[in-house]
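Trainee: Have a look at this one before I ask anything.
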Amino acid sequence: SSKTFWTTTGMFPQELIIGFPKCVKINKVAIQCYLVRTLRIERSTSKDPVGFEHCVEKDLEHREGQLQMEEFPLPEFQATYLRFIIKSGFDHFVSVHRVMAEGT
């Protein structure tokens, strides 16, 4: 829903885990967030959300008063769980408004 979002509690790092019903192939992950400075994405192909592997880490551009929209192409990528780790922010509180994963 565009009316909901996830917000941090004021300290870093913070993490958000998204699970799929089964292991899926992902071509691209996109995120809409606010005031995120450094974002890391990890994946797990396990049945449970354990054994995460580093996928990508990026410093995002600061956009005062606007949502940050970032895309991460991930060719030949499989995951059962995605973990988004917000390592730092431009403020004490940051938010994630939408996460999209494209694939099969």
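The values are calculated or read from the model by the stated rules, or taken from the named source; none is laboratory data. These numbers come from a predicted model, not from an experiment. Every residue, glycine as well, gets a Cβ built from its backbone with ideal geometry; the counts of neighbours run over all protein chains shown. Side chains are part of the model used for accessible areas, which takes the heavy atoms of the whole protein and leaves out ligands, DNA and RNA. Shrake-Rupley method; radii C 1.70, N 1.55, O 1.52, S 1.80 Å.
Trainee: Would you mind stating whether LYS47 is under 13 Å from the mean Cα position of the chain (by Cα) and among the charged types (D, E, K, R)?
Mentor: No: the conditions fail for LYS47.
Trainee: Taking the stretch 48-77 as the search range and keeping residues that are touching a Ser or Thr at 6+ places or on another chain (Cβ under 6 Å) and open to solvent by less than 80 Å² (accessible area, probe 1.4 Å), which one is farthest from MET100 (Cα to Cα)? Let's see the steps before the verdict.
Mentor: We begin by selecting, within the stretch 48-77, every residue touching a Ser or Thr at 6+ places or on another chain (Cβ under 6 Å); these are 51-52, 59.
From the residues that got through so far, the ones that are open to solvent by less than 80 Å² (accessible area, probe 1.4 Å) too are 51-52.
Details: GLY51: 22, PHE52: 19 Å.
If we take residues in the stretch 48-77 being touching a Ser or Thr at 6+ places or on another chain (Cβ under 6 Å) and open to solvent by less than 80 Å² (accessible area, probe 1.4 Å), then GLY51 is farthest from MET100 (Cα to Cα).
Trainee: Take THR104 and tell me if it is open to solvent by 70 Å² or more (accessible area, probe 1.4 Å), touching a residue at least 40 places away in the same chain (Cβ under 8 Å) and among the hydroxyl-bearing types (Ser, Thr, Tyr).
Mentor: Details: open to solvent by 70 Å² or more (accessible area, probe 1.4 Å): yes; touching a residue at least 40 places away in the same chain (Cβ under 8 Å): yes; among the hydroxyl-bearing types (Ser, Thr, Tyr): yes.
Yes.
Trainee: Could you tell me which of the residues THR45, THR80 is β-branched (Val, Ile, Thr) and surrounded by fewer than 15 Cβ atoms within 10 Å (Cβ to Cβ)? Give the steps one after another, and end with the answer.
Mentor: Values: THR80 fails: surrounded by fewer than 15 Cβ atoms within 10 Å (Cβ to Cβ).
Criteria check complete, one pass: THR45.
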